[in-house]
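Below is one structure, written out as structure tokens, with a few remarks after it.
Just so it is clear, none of the values below were taken in a lab; they were calculated from the coordinates. This one's a predicted model, so the numbers in the text were calculated from it and none came from an experiment. Every residue, glycine among them, receives a Cβ derived from its backbone with ideal geometry; neighbour counts consider all protein chains shown.
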Amino acid sequence: SSDASLECSGGQRRRHSDVQQQQQQQFNLNGTSGSASFDQLQAGRASPRMMPPINRNDAQQGGHTDNQGLIVPKKLINPCVDSMDRQNLHRELMFNQKMGKSVLNQKSELQRALEKQKERQVLAAQNLAKQQAAENSIANELGRVIMQRAARLEQKNLAAAAAGSGAQSDQHPDSINPEYLNARAKLRATQAAAVYSK
């Protein structure tokens with residue numbers, strides 16, 4: 001309402017200056033002494049009694065044009081400024097700023113730096129764990145392949161040893177374990193003694 005009253009008073013001032021300009025032009029056209037008579041007229045009009053009534057048509061035209069006769073643009077309405085949500089948000093932000101509370105960024109610079117450092121450490125630990133897992137998987141894969149080859153070689157050696165030991169036992173009877181031979185001899189002796197004693 002205060003803005004509207006200021007605009008009205010500004011409009012009245014413009015209209016009054018427009019009326020004065022028109023009267024000065026009329027004096028110049030009528031052939032009077034020009035500026036001297038107009039100045040005298042202005043001095044006489046300084047009192048409120050001498051002010052003539054303003055014509056409404058002139059007032060309406062003066063409200064939309066400036067002193068050069070150009071059309072004055074209207075002030076555009078800004079919907080953001082008029083929005084109640086925006087006004088409430090602005091009021092809350094200003095209140096929080098007065099209280100010293102940072103709504104948009106509540107963490108201090110030290111806290112932000114600490115969080116960044118922790119994030120870097122976590123990422124480094126994750127990368128290290130991934131690298132170790134990859135190395136372990138490669139080592140595990142390599143170990144598994146080596147174990148498979150060793151098992152195959154062992155089976156081949158056992159098969160060759162079994163085939164070789166059967167052939168060797170037929171060809172070389174002395175190659176049998178001597179403890180086995182002693183135990184067998186004792187068994188035969190006890191069996192023979194039992195048969196003869198009957």
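In plain terms, the bigger the Kirkwood radius, the slower the diffusion; for the stretch 110-198, with that radius from Cα pairs, at 4 °C and 1.567 mPa s, Stokes-Einstein puts D at 64 µm²/s. Sorting 177-184, 86-93 by average packing, meaning the other beta carbons within 10 Å per residue, from highest down gives 86-93, 177-184. Close amide H pairs (under 5 Å, H built 1.01 Å from N) link T65 with V72, residues at least 5 positions away or on another chain. Run the simple label-point estimate for E154 and K75 please: 7 Å along Cα→C-beta, distance reported in nm. With each label placed 7 Å out from Cα toward Cβ, I get 9.6 nm.
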